[in-house]
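The values are calculated or read from the model by the stated rules, or taken from the named source; none is laboratory data. Quick caveat: nothing in here was measured; it's all calculated off a predicted structure. Virtual Cβ from ideal backbone geometry, glycine too; neighbours counted across all protein chains shown.
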Protein chains: 2
Amino acid sequence: MIQKLIANIKEKNAPIVVGLDPMLGYIPEQVKKEAFGAFGETLEGAAEAVWLYNKAIVDATCDLIPAVKPQIAMYEQFGIPGLMAYRKTIDYCHEKGLVVIADIKRGDIGSTSAAYAAAHLGKITVGANTYEPFAEDFATVNPYLGTDGIKPFVDVCKQENKGIFVLVKTSNPSSGEFQDRIVDGKALYEHVGAKVEEWGAEVRKGDYSNVGAVVGATYPEMGKLLRKIMPHAYILVPGYGAQGGKAADLAPYFNADGLGAIVNSSRGIIAAYKQEKYANYGAEHFAEASRKAVEDMLADIRPVIG
Amino acid sequence: MIQKLIANIKEKNAPIVVGLDPMLGYIPEQVKKEAFGAFGETLEGAAEAVWLYNKAIVDATCDLIPAVKPQIAMYEQFGIPGLMAYRKTIDYCHEKGLVVIADIKRGDIGSTSAAYAAAHLGKITVGANTYEPFAEDFATVNPYLGTDGIKPFVDVCKQENKGIFVLVKTSNPSSGEFQDRIVDGKALYEHVGAKVEEWGAEVRKGDYSNVGAVVGATYPEMGKLLRKIMPHAYILVPGYGAQGGKAADLAPYFNADGLGAIVNSSRGIIAAYKQEKYANYGAEHFAEASRKAVEDMLADIRPVIG
């Protein structure tokens, strides 16, 4: 799957991913009106609003981008109807040729991690039939439980040619509380990064592995170090834009081949119409504002890769 | 909510929780036959089998136990129908007066953790209406992202009188890879444990806080140390029984008041009928075997608390 992601990135000349993290507060009134008109002010209505909003943004940006990253929490908050909108969004993005990186941050042990891996990246057998419950391409995974928690995901990646991104250094202010603590002269995130390289060895095809890493744009010095520790891991980079990460800081996340990193923007793209910069589009044309924000993000990032 | 859990534990004289982690392989043929007969060999059929299996076990054990711990991965693996069975199980357990500890191991940052907290422990507002998407009482939470990831859960615990159990030292063999690494002379899990005590301060009522911790039964020496580091945290103890934890090892997880810990058993209870010890029940009477396994677990654990 990493090869498909790289092919998409090259084809679009776009090492970026759009985070589909729809909060109700981002969704324009006319979209909510349509959805609530059909389903009432219910979880079903909220889920329909999320779906209509996502569809418009995907339609307006899919020719420019290689991938999307839906944040499952934003769907899970609307219960079962929300998760139905999540699945509908995934299927629609696949129809449009996009790679789907599921930001699910799951992680457990043994058979439980295996169940998550089957749910999101693999297949589940019921009697004589086989199903793909959520059918994403990549999933983000939490490493706190160690190899027992990661291995079942790697096994499914191997069988199904899917991928994972392991949380190594997250973009948030308090990520250092545990991740930066010094163990044997190195930060914990360095140890986790070394494990990512190790876990990825058996699912590497060519220069990159199906096991990647999450490293926040807000910590470029650490990004530089982790790039060296994990030469074969693709780095998923959150924190650009709204969280404060700048394009100039992104260079160290890439390898000399111009590959190796994919930069996420969520709010900065999907709620672009709310920014002063794109105010001229108005809420009516929120999807065009998102398209312009993608173009601006690409113009900002492309020169950095060189 | 910790007060309700404690009241239930005292009433039943049972510091235990039954893990409702239904794998298809555990479910007796006659249950699957009934479910597949009604819904086919589909995700809906699997979800119905899970529900029928859970209901029978809850009916057979609910007068003996204070709480259940459904592992959401085992439902998520059956997609949307699986999650509908998860919700149905939660509602049924509440009808039976049980506290529901959702083993979801979620954890993200800021608004994303807030969305998970709303989904599982809180409420979500859609227009003029308010919903409880999954309506659990406690949730397990992963600490790798630091305070940013935990605080939104604590806020919801405060508003809604709900609780969390933070992963501190998990029961699996490779949990030590990161959790045991030495930072400033102490293991990482000790630092996480100290944070649990700190995070819990604002939601403490009486001797215990609504912020508890997960510490595996398989590491009793660490349990003893963590009991001291987190005097006000209830400890959720996985790893008893099938994973190798013994009753004699459980004493250090409890405080002098005989409270402070709740021991989980999943497979050992719900799939008891598959053990040689309970083979006389047969698959037909799987729920009675589960009841006997609960009674045996109580007989094993009660003397340890003293």
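Before we move on, is residue A:165 facing chain B (nearest Cβ under 7 Å) and either in contact with a Ser or Thr (Cβ under 8 Å, 6 or more places away or on another chain) or not in a helix (DSSP H, G or I) (or both)? Criteria not met by residue A:165. Looking at the stretch B:84-94, is at least one residue facing another protein chain (nearest Cβ under 10 Å), more than 21 Å from the chain's Cα centre (by Cα), surrounded by 17 or more Cβ atoms within 10 Å (Cβ to Cβ) and over 20 Å from residue B:268 (Cα atoms)? Taking every residue of the stretch B:84-94 in turn, none turns out to be facing another protein chain (nearest Cβ under 10 Å), more than 21 Å from the chain's Cα centre (by Cα), surrounded by 17 or more Cβ atoms within 10 Å (Cβ to Cβ) and over 20 Å from residue B:268 (Cα atoms). Selection of first residues in the stretch B:150-179 that are without any contact (Cβ under 8 Å) to a residue 24 or more places away in the chain and of second residues that are part of a helix (DSSP H, G or I) and crowded, with 24+ Cβ neighbours inside 10 Å, restricted to Cβ pairs under 8 Å at least 6 apart or on distinct chains, gives the following pairs, ordered by first then second residue: B:174/A:149; B:178/A:192; B:179/B:189; B:179/B:192. Kindly check whether there is at least one residue in the stretch B:235-243 that is under 17 Å from the mean Cα position of the chain (by Cα), aromatic (Phe, Trp, Tyr) and within 22 Å of residue B:186 (Cα to Cα). Within the stretch B:235-243, none of the residues are under 17 Å from the mean Cα position of the chain (by Cα), aromatic (Phe, Trp, Tyr) and within 22 Å of residue B:186 (Cα to Cα). Residue B:27 - would you say it is surrounded by fewer than 23 Cβ atoms within 10 Å (Cβ to Cβ), touching a Phe, Trp or Tyr at 6+ places or on another chain (Cβ under 6 Å) and among the hydrophobic types (A, V, I, L, M, F, W, C)? Yes: the conditions hold for residue B:27. Of everything in the stretch B:1-18 that is closer than 30 Å to residue B:285 by Cβ and charged (D, E, K, R), the residue that is surrounded by the most Cβ atoms within 10 Å (Cβ to Cβ) is B:12.
Suppose we filter B:21, B:59 for residues that are charged (D, E, K, R) and surrounded by fewer than 22 Cβ atoms within 10 Å (Cβ to Cβ); which single one remains?
Numbers: B:21 fails: surrounded by fewer than 22 Cβ atoms within 10 Å (Cβ to Cβ).
Answer to the selection: B:59.
Of all the criteria given as (1) farther than 22 Å from residue A:187 by Cα; (2) assigned to a helix (DSSP H, G or I), the one not satisfied by residue B:176 is (1). The helices (runs of 4 or more DSSP H) located wholly in the stretch A:1-64 that include 1 or more residues which are within 20 Å of the chain's Cα centre (by Cα) and within 14 Å of chain B (Cβ to nearest Cβ) occupy A:43-61. Within the stretch B:179-205, the set of residues being in a strand (DSSP E or B), over 27 Å from residue B:242 (Cα atoms) and within 12 Å of chain A (Cβ to nearest Cβ) comprises B:182, B:183, B:186.
Checking each residue in the stretch B:244-287 for being in contact with a helix residue (DSSP H, G or I) (Cβ under 8 Å, 6 or more places away or on another chain), under 27 Å from residue B:4 (Cα atoms) and of a type in the set (D, E, K, R) picks out B:249, B:267.
Each row is one residue, and each column tells you yes or no for (1) at positive phi; (2) surrounded by fewer than 22 Cβ atoms within 10 Å (Cβ to Cβ); (3) in contact with a helix residue (DSSP H, G or I) (Cβ under 6 Å, 6 or more places away or on another chain).
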site: A:202; (1), (2), (3): no, yes, no
site: A:210; (1), (2), (3): no, no, yes
site: A:219; (1), (2), (3): no, no, no
site: A:224; (1), (2), (3): no, yes, yes
site: A:228; (1), (2), (3): no, yes, no
site: A:235; (1), (2), (3): no, no, yes
site: A:239; (1), (2), (3): yes, no, no
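Under the condition of being under 17 Å from the mean Cα position of the chain (by Cα) and within 23 Å of residue A:221 (Cβ to Cβ), the residues counted in the stretch A:143-173 number 9.
Of these, B:155, B:108, which one is over 19 Å from residue B:203 (Cα atoms) and at pLDDT 95 or above?
B:108
Restricting attention to the stretch B:116-162, report how many residues are within 7 Å of chain A (Cβ to nearest Cβ) and either of a type in the set (Val, Ile, Thr) or assigned to a strand (DSSP E or B) (or both). Of the residues in that region, 5 qualify. Restricting to the stretch A:220-269, and then to whatever is of a type in the set (Ser, Thr, Tyr) and touching a Leu at 6+ places or on another chain (Cβ under 9 Å), can you tell me which residue is farthest from residue A:70 (Cα to Cα)? By that ranking, first place goes to A:253.
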